[in-house]
Amino acid sequence: VIAYRDGGNSQHGTAVVGTVSGTSISFGTPVVFNSSGSYEFSTTFDSNSNKVVIAYQDAGNSFKGTAIVGTVSGNAAYTSSIFDNSSNKVVIAYSNGTTSGNAIVGTISGTAISFGTAVVFNSSRTTWKSSTFDSLNNKVVIAYNDYSNSQRGTAIVGTVSGTGISFGTAVIFEANASYISSAFDASSNKVVISYNFYNGSASVGTAIVGTVSGTGISFGTSVTFNASSVAYTSATFDSNSSRVVIAYYNSGNSNYGTAIVGTVSGTGISFGDAVVFESAASTYISSTSDSNSNKVVIAYT
């Protein structure tokens, strides 16, 4: 399921279902789920209730953070959603305007979703969030750009209990990070975070491996997968090959859509050769793995 804003239909929030067959994907009829301007989408699948939850910013309702049938109080942006299959809850991380990074736990019942109380995990401006679920430790890991702390790349571990979530101590993994995307490598039981690191002349494509222990996380040494400027990174774990796939916009090669495969070993990661998937400028990249067909699907503009 891909959620997006339809520029040809007054920026309405829209969703479409894709079906993978072999190396192809076909789509059904798009459906409008919010008849007003809709922005900052994230989507996750609740395998307990077999439902999809879409979180987004609703311009028609004072830009409130909204899920399909529930509204988070306050202005929300940069949402990131994940399903915690240990507690059978949805966790949505979001920015409350420019003031803080927050997370909230959602419970699905039938076709409805209800929310617990939002919890602040970062008390200052928080951007470029990405959430993943560590199924070994049953923890939610939120990686983010701590904008008010010199834009440092930071990660924090959350534990869901009932309709609430609590957090450990935040850990910095990079001095400057943007376009953050994370995935849980279920083969090595590690969290992989891909991001851009600005080295003074270019935004270098970088990845780092994190290990969750208790309510904390530690990191290995960062690895460059593309030395020229990249953007719109999106990471996903392919359970068939036990590899992480990172898709990105490659400024060093005519802005082409590019993908690269990473292999985790210990606390490090190594990469194969990059492959162009679109010979044109490719932005707003999002990827996921279809474990039924053993394929990775990349959506992009």
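Is it fair to say residue 55 is touching a Lys or Arg at 6+ places or on another chain (Cβ under 9 Å) and closer than 30 Å to residue 137 by Cα?
Values: touching a Lys or Arg at 6+ places or on another chain (Cβ under 9 Å): no; closer than 30 Å to residue 137 by Cα: yes.
No; evaluated as a whole, the condition is false for this residue.
Screening 231, 235, 281, 299 for residues that are open to solvent by 40 Å² or more (accessible area, probe 1.4 Å) and either of a type in the set (A, V, I, L, M, F, W, C) or more than 19 Å from residue 2 (Cα to Cα) (or both) leaves exactly one candidate, 281. The set of residues from segment 60-78 being open to solvent by less than 20 Å² (accessible area, probe 1.4 Å), at pLDDT below 90 and within 18 Å of residue 144 (Cβ to Cβ) comprises 72, 76, 77.
Residue 102 meets all of the listed conditions (1) part of a strand (DSSP E or B); (2) touching a Gly at 6+ places or on another chain (Cβ under 7 Å); (3) more than 26 Å from residue 297 (Cβ to Cβ) but one, namely (2).
Which ranges mark the strands (runs of 3 or more DSSP E) fully within segment 224-301 that have 2 or more residues being closer than 18 Å to residue 197 by Cα and of a type outside the set (Asp, Glu)? Reasoning before the result, please.
On the way: elements: 243-250, 256-265, 268-271, 275-281, 286-290, 295-299.
Once the strands (runs of 3 or more DSSP E) in segment 224-301 are filtered for at least 2 residues that are closer than 18 Å to residue 197 by Cα and of a type outside the set (Asp, Glu), what remains is 243-250, 256-265, 268-271.
Within segment 131-147, residues that are in contact (Cβ under 8 Å) with a residue 24 or more places away in the chain sit with their Cβ atoms under 6 Å from residues that are open to solvent by less than 20 Å² (accessible area, probe 1.4 Å) and assigned to a loop (DSSP other than H, G, I, E, B), at 6+ positions apart or across chains, in these pairs: 145/177.
Going by the structure shown, is residue 216 without any contact (Cβ under 8 Å) to a residue 12 or more places away in the chain and more than 17 Å from residue 287 (Cα to Cα)? First the steps, then the outcome.
On the way: without any contact (Cβ under 8 Å) to a residue 12 or more places away in the chain: no; more than 17 Å from residue 287 (Cα to Cα): yes.
In short, no.
Being touching a Gly at 6+ places or on another chain (Cβ under 6 Å) and modelled with pLDDT of 95 or more is the filter here; which residues of segment 170-194 pass it? Scanning segment 170-194 gives 173, 174, 191.
The values are calculated or read from the model by the stated rules, or taken from the named source; none is laboratory data. In this text the structure is predicted, and so the values were computed from the model without any measurement. Positions of Cβ are backbone-derived with ideal geometry, glycine not excepted, and every protein chain shown enters the neighbour counts. For the accessible areas, the whole protein counts, side chains as well, though only heavy atoms, and no ligand, DNA or RNA atoms are used. Shrake-Rupley method; radii C 1.70, N 1.55, O 1.52, S 1.80 Å.
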